[in-house]
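Inspection log for the structure reproduced underneath, given as structure tokens.
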Amino acid sequence: GFIQADYTDTDALADFARQTDLVTLEFENVSPIALDTLSTLGVPVYPNKQALETFSNRLQEKTFFSTHGLPTVPFEALANLSDRAAVEAAVARIGTPCVLKTAGFGYDGKGQYRLDHPTDLAGVLEKAALDQPYIVESWVALAFEISVIGARTTLAQGGETQTAFYWPFLNHHRHHILDTTQWPAPVDATTAEAAQHLTNRILTLLDYRGLLCVEFFVTADGQLLINECAPRPHNSGHVTQHAAVCSQFEQHVRAVCGLPLSEPSLKPGIGGAAMVNLLGDHLPRNPDLNPDLNLGLNPDLTVDPVAWSSSLLANSHGVWYGKASARPGRKMGHINVLAASPDEAVEQALAHRAALNSATSPTGTKPGSQAGSQPIG
């Protein structure tokens, strides 16, 4: 049955273990106590503890990349920000522009501070938490960003190691949060294969089992630099839910269960696909609920997810996460669109999002909209 408890509640973990053949996760920041307790009780956890600990901390992650000769952005480690002279020295070695990032619990732009000039440091130190580890990272001039999602398993029958890789995804961020993904990314085979090869190296080094997303910066001269990894299904892979022969979610389950991996390609008849995120900012505004924020705290009060999803064209799918409160920057859902090309798909998806934001009826649908897709709650 369902168990809700603290990660460090060993009694609850023991009860959980008695009901469980194996464990996987959707979130890498899990207490080592939970992982160690499950291991002691003989319950396998996939991905393994080494992978989860490596990718839940930026410093450990960057150190892993550099130790194994994996291309990444130049960085310096800082035990904390309390020693201003040490911080200034690290910034000077890296050079500006650069980024200060918290070592732990950083995602979607949280805990990141850009410095365009050394004099910017004073302002950052006034608002940043000083008593925790950081890294200082060079600011890279990018051409674009891609991600590769790979799966690795050891087959339950026969013990063979098997891998599968999706073609790269092209990602665009706004305010450090993923905004749109287009798939397949318009990169040549050389770039795609190089990114997949680096992903495979990481999987192999960690004796990985499960799904891994590797995010890459691509420079103007075509160089690949690893930004970070996510040891789980990833936001950029949500487009595979409707566009791929095998979604990232199914592929992850196959990998952790030791089942044969499936085909990671576009469904037949689709030229391209796109995903756009729905943040709290994108939902219809309800000033009566919160005039200061000018954003409804409960999206269901201003848009009916099922009715709105039903109003989309047949090639479009609205997916809602069921979160009760909508805040600026909070991911509330996403839209997937299948089309003749990734460019056409992202154009349609953005149009759907714009229409949602301007909806004023109780259901959130636009007059004259065409019904088609199966509603997805």
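Some observations on this one:
- Loop trypsin sites (Lys or Arg not before Pro), the range 81-125, which have at most 12 other Cβ atoms in a 10 Å radius of their Cβ (DSSP): Lys110
- Principal axis extents of the C-alpha atoms in the chain (largest first, rounded to whole Å): 61, 59, 50.
- For the residues Thr240, Thr153, Thr67, a GNM of the chain with alpha-carbon springs under 10 Å puts the largest fluctuation on Thr67.
- Among Leu350, Leu224, Leu121, the largest mean-square fluctuation in a Gaussian network model of the chain (Cα springs under 10 Å) belongs to Leu121.
- For the range 204-210, the Karplus equation 6.51 cos²θ - 1.76 cosθ + 1.60, evaluated at θ = phi - 60°, returns couplings of 5, 4, 9, 6, 6, 9, x Hz by residue, with Gly and Pro reported as x.
- Each of Trp308, Trp320, Trp139 was scored by other Cβ atoms within 10 Å of its Cβ. Listed from fewest to most, they are Trp139, Trp320, Trp308.
- For Cys246, distant residues with modelled amide H under 5 Å away: Ser265
- Using θ = phi - 60° and Karplus 6.51 cos²θ - 1.76 cosθ + 1.60, couplings along the range 7-14 (whole Hz; Gly, Pro as x): 4, 9, 7, 5, 5, 5, 5, 5
- For the chain, lysine pairs with C-alpha atoms less than 16 angstrom apart, excluding pairs fewer than eight positions apart on the same chain, total 6.
- Antiparallel bridge percentage (DSSP; both residues within the chain; nearest 5): 95
- Over all pairs of different C-alpha atoms in the range 74-138, the reciprocal of the mean inverse distance, the Kirkwood hydrodynamic radius, equals 11.4 Å.
- Each peptide in 255-267, 25-37 gets a packing score, the mean of other Cβ atoms within 10 Å over its residues, and the list from highest to lowest is 255-267, 25-37.
- Translational diffusion coefficient (Stokes-Einstein; Kirkwood radius from C-alpha pairs) of the range 138-177 at 10 °C, 1.306 mPa s, in µm²/s: 121
- In order through the range 160-165: 3J(HN,Hα) via Karplus (6.51 cos²θ - 1.76 cosθ + 1.60), integer Hz, x for Gly, Pro: 6, 7, 10, 10, 8, 9
Laboratory data are not the source of any read-out in this text; all were calculated from the coordinates shown. Note that the structure is a prediction, hence the values are computed from the model and not measured. Ideal geometry is used to build each Cβ from the backbone, glycine not excepted, and the neighbour counts take in all protein chains shown.
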